[in-house]
Amino acid sequence: PLEELAQFDWVVLEPGHLSDADVEFLLAQGSVPFAYLSVGEVDSHQAQQLASLVEDAASDIRNEAWDSKVMDLNVPAWREHLLARAKTLQIQGYSGLFLDTLDSFMLLPEEQREEQRLGLIAVLRELHTRFPDLKLFFNRGFEVWPELREIVSAVAVESIYSGWDAQAGVYREVPSADRQWLETKLAAIRQQGVPVVALDYLPPERREEARQLARRLHKEGYVPFVSTPELNYLGVGSVEVQPRR
């Protein structure tokens, strides 16, 4: 719903769902469009489209919760794929990239993680070097934040109070211990003045609860957005678009 999305300052979009004209419309309305880009995983649909690349660049580990393969960040072909994708998205008019699955390498055996972490830092630095005008919006990325803080425009975190259990298929209240761990990780980011977007999940029929949660998150210094885990529902944030059509 472009007219509704245009009411937001920043909009994160799945590029396959929009035309170049749609992106141009959002820009003309003053919104900053970010294209979703998965860095560390490929889902089953993408795996079919990128079969030969995935065969060469996928690790032996799967993320069963999301039916996806964890990629080897040190395979040159995968890194070049990410850079080529960024170039295409910039040509299509996107102002930035929303970089997801930055911590997927943590699913790999412990002895492989540091090498993968360094590979992630290298590809993100190269991304910024080649496309300095693209804003980079991290989803988490705590493991590489200290080395990359100067290139990050914002950081997103999921499930501060209300989350989604993908394996069980249920909404769940986030345990206080998990929330405290997140807040510890976010402390340094917030001290740098980098915006932190809190993405929590509630079903549409609990919209009033979503409003209350958004207000709570905003009061705590976050940029809130409460939606469904499929993100197929225009949720509630600092702005709540009122239906007119």
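For this structure, a couple of remarks:
- Selection within the range 155-169: residues that are in a loop (DSSP other than H, G, I, E, B) and of a type in the set (Gly, Ala, Ser). The member of this set that is farthest from GLY96 (Cα to Cα) is ALA168.
- Helices (runs of 4 or more DSSP H) contained entirely in the range 15-60, each with at least 3 residues that are open to solvent by 50 Å² or more (accessible area, probe 1.4 Å), modelled with pLDDT under 95 and out of contact with any Pro (no Cβ under 8 Å at 6 or more places or on another chain): 44-49, 51-57
- Taking the criterion of being modelled with pLDDT of 95 or more and of a type in the set (S, T, N, Q), the only residue of the range 191-225 that qualifies is GLN212.
- Residue count for the range 130-184 satisfying the condition of being of a type in the set (Asp, Glu) and over 25 Å from THR228 (Cβ atoms): 4.
- Index of the failed condition, VAL32 passing every other in (1) under 23 Å from VAL144 (Cα atoms); (2) under 17 Å from the mean Cα position of the chain (by Cα): (1)
- Only one of LEU120, LEU124, LEU136 that is at pLDDT 95 or above, out of contact with any Phe, Trp or Tyr (no Cβ under 8 Å at 6 or more places or on another chain), open to solvent by less than 10 Å² (accessible area, probe 1.4 Å) and part of a helix (DSSP H, G or I): LEU124
- Restricting attention to the range 205-245, the residues that are in contact with a Ser or Thr (Cβ under 7 Å, 6 or more places away or on another chain) and either assigned to a strand (DSSP E or B) or open to solvent by 60 Å² or more (accessible area, probe 1.4 Å) (or both) total 3.
- Cross-chain or 6+ apart pairs with Cβ under 6 Å, the range 126-151 first and touching a residue at least 60 places away in the same chain (Cβ under 8 Å), then of a type in the set (A, V, I, L, M) and not in a loop (DSSP other than H, G, I, E, B): PHE137/ALA154
- Qualifying residue in the range 197-210 (condition: small (Gly, Ala, Ser) and within 20 Å of the chain's Cα centre (by Cα)): yes
- Taking every residue in the range 75-101 that is farther than 19 Å from LEU50 by Cα and pairing it with any residue that is acidic (Asp, Glu), at least 6 positions away or on another chain, the pairs with Cβ-Cβ distances below 7 Å are GLN92/ASP20; GLY93/ASP20; GLY93/GLU24.
The values are calculated or read from the model by the stated rules, or taken from the named source; none is laboratory data. As the structure is a computational prediction, the values presented were derived from the model and not from experiment. Using ideal geometry, Cβ is built from the backbone for each residue, glycine included, and neighbour counts are taken over all protein chains shown. The protein model used for the area step is the full one, side chains on, heavy atoms only, and it has no ligands, DNA or RNA in it. Shrake-Rupley method; radii C 1.70, N 1.55, O 1.52, S 1.80 Å.
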